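Asks: Encoded as structure tokens, here's the structure I'll be asking about.
The values are calculated or read from the model by the stated rules, or taken from the named source; none is laboratory data. Quick caveat: nothing in here was measured; it's all calculated off a predicted structure. Counting neighbours? That spans all protein chains shown, and the Cβs are built from the backbone with ideal geometry, glycine included.
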């Protein structure tokens, strides 16, 4: 049975049909039961046979559709400090959710799928490396145990996501016609 | 004049390569030895041969400087008797039909005695077109008597170095600037901290700030490069319809100046200057994508030359967007570095 999780604007869908388990409900759970802005949350969690993929998605390449407001994220502000801090908080804020749904055994991969004008793979890797420094890689090293809070972080665009040997099993596809930013 | 296309057959590193250019900024990228500068020098030689006293193949020799000034040495070094040719197409943005200039030669061609076609039509189609080539190495600080020494064979510099000195010595430093020119000059002055002054009697360039003047050789090399650009804008070398070649603009330039240079080049192309640059710099190449949106009229086309495959053949690709360019060796190199940093 197909299991397509829609991103917040309903423009793209993540096809999780091949996932062992998947959820796009973290945000709703938090909004319904926590004080606002207590915890950040990622858009999707996808469980494979060997790992958990925590997926945050942002697409700043498309103009708002009629009736839609301008996207909160402007073209390139994924690199601004405030947005960057939010990205980091989303990872940390997602960890309690994983515990509550009993998904704490498999290694966690945090993947930021992002599209912005004038992007390229080098700028994405620069963002990935900056994220690595802010996520708990160094922290977990200090304890030397096998328990890890995070296994890897990645920043990819939609093409890279879809062509990746693991991520590509869960294709991210448009679900309606989109108008690119001019 | 706008250069539209070049075809190189059995010429230096090129077996058979055609490249089509945009009317604005053309950014050539590729590893060392992939022929970026050879392309730019061939195009520059063609532009210079608009002047009736300059012949295309002779200028090719003068800019490439093969041993004994033998054009035959520019034939691809591979087995067999090869016939080399360089074909260049140019036109205007308007309705004027394209003109083609060609030079064909082989391993037994004497000196620069190539078979040339289209030169007369080329000269009459684009009279007075200005072209200038800034080489990767700064040369103005060594300008004193350099051209005289080169003429006497005391030193050996290719014509791009000698021509740029001559172009910079054209001194029209008095008089009012147009508003367009003023904007560009002021922008460069923020980097160089003054204006350029050529002392005819001493045959030397100086940087003038307020009441003081400083010898060019006492100024940082990056500043000297920008000062040269100031002089070329000031003296009218870079005007609408002219062709500007700049080999590795980023060399000796602090990264903080890169966005300013990119903006300057975009302003020049918006005023009708066709530009060819080669670069190894990620920031320089990326900044064109970032800054071009700020210009109502902008044309940027990236060209990649790379080697690959079983016989290490040359590959060419082109794209209006840096991130979409295939065989992008700058991106590949930076990504390898970033992956290594990530794995630390």
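Asks: So is residue B:326 within 13 Å of another protein chain (Cβ to nearest Cβ), outside any helix (DSSP H, G or I), without any contact (Cβ under 8 Å) to a residue 40 or more places away in the chain and touching a strand residue (DSSP E or B) at 6+ places or on another chain (Cβ under 9 Å) or not?
Replies: In short, yes.
Asks: Condition test on residue A:119, is it within 13 Å of another protein chain (Cβ to nearest Cβ), more than 17 Å from the chain's Cα centre (by Cα) and not in a helix (DSSP H, G or I)?
Replies: Spelling it out, residue A:119 is indeed within 13 Å of another protein chain (Cβ to nearest Cβ), more than 17 Å from the chain's Cα centre (by Cα) and not in a helix (DSSP H, G or I).
Asks: Starting from the range A:14-40, take each residue that is within 15 Å of residue A:97 (Cα to Cα) and list its partners that are in a loop (DSSP other than H, G, I, E, B), counting only C-beta distances under 7 angstrom and pairs at least six apart or across chains.
Replies: A:22/A:3; A:22/A:16; A:24/A:43; A:26/A:41; A:26/A:42; A:27/A:41; A:30/A:39; A:30/A:41
Asks: Follow-up. Residue B:310 passes all but one of (1) in contact (Cβ under 8 Å) with a residue 24 or more places away in the chain; (2) away from chain A (no Cβ under 14 Å); which number fails?
Replies: Every listed condition holds for residue B:310 apart from (1).
Asks: Checking residue B:223 against (1) at pLDDT below 90; (2) assigned by TED's automatic domain parsing to the domain that holds residue B:39; (3) buried (at least 20 other Cβ atoms within 10 Å of the Cβ): exactly one of these is not met. Which one?
Replies: (2)
Asks: If a residue has to be more than 21 Å from residue A:163 (Cβ to Cβ) and either in a helix (DSSP H, G or I) or touching a helix residue (DSSP H, G or I) at 6+ places or on another chain (Cβ under 8 Å) (or both) to count, how many in the range A:106-116 make the cut?
Replies: Qualifying residue count, the range A:106-116: 1.
Asks: Given the options B:202, B:176, name the one that is at pLDDT below 80 and not in a helix (DSSP H, G or I).
Replies: It is B:176.
Asks: Within the range B:25-32, identify whether any single residue is out of contact with any helix residue (DSSP H, G or I) (no Cβ under 6 Å at 6 or more places or on another chain), modelled with pLDDT under 95 and not assigned by TED's automatic domain parsing to the domain that holds residue B:162, and answer yes or no.
Replies: The answer is yes, given that some residue of the range B:25-32 is out of contact with any helix residue (DSSP H, G or I) (no Cβ under 6 Å at 6 or more places or on another chain), modelled with pLDDT under 95 and not assigned by TED's automatic domain parsing to the domain that holds residue B:162.
Asks: A further question follows. Checking residue B:280 against (1) in contact with a strand residue (DSSP E or B) (Cβ under 6 Å, 6 or more places away or on another chain); (2) within 14 Å of chain A (Cβ to nearest Cβ); (3) buried (at least 17 other Cβ atoms within 10 Å of the Cβ); (4) modelled with pLDDT of 95 or more, which single condition isn't satisfied?
Replies: All conditions pass for residue B:280, except number (1).
Asks: Further question: Residues being more than 10 Å from chain B (Cβ to nearest Cβ), touching a helix residue (DSSP H, G or I) at 6+ places or on another chain (Cβ under 7 Å) and in a helix (DSSP H, G or I): count how many of those fall in the range A:132-167.
Replies: Looking only at that region, the number is 4.
Asks: Going through the range B:67-106 one residue at a time, which ones are within 19 Å of the chain's Cα centre (by Cα) and either surrounded by fewer than 19 Cβ atoms within 10 Å (Cβ to Cβ) or over 24 Å from residue B:237 (Cα atoms) (or both)?
Replies: Those that are within 19 Å of the chain's Cα centre (by Cα) and either surrounded by fewer than 19 Cβ atoms within 10 Å (Cβ to Cβ) or over 24 Å from residue B:237 (Cα atoms) (or both): B:86, B:87.
Asks: Only one of these is away from chain A (no Cβ under 14 Å), within 23 Å of residue B:7 (Cα to Cα) and within 18 Å of the chain's Cα centre (by Cα): B:301, B:268. Name it.
Replies: B:301
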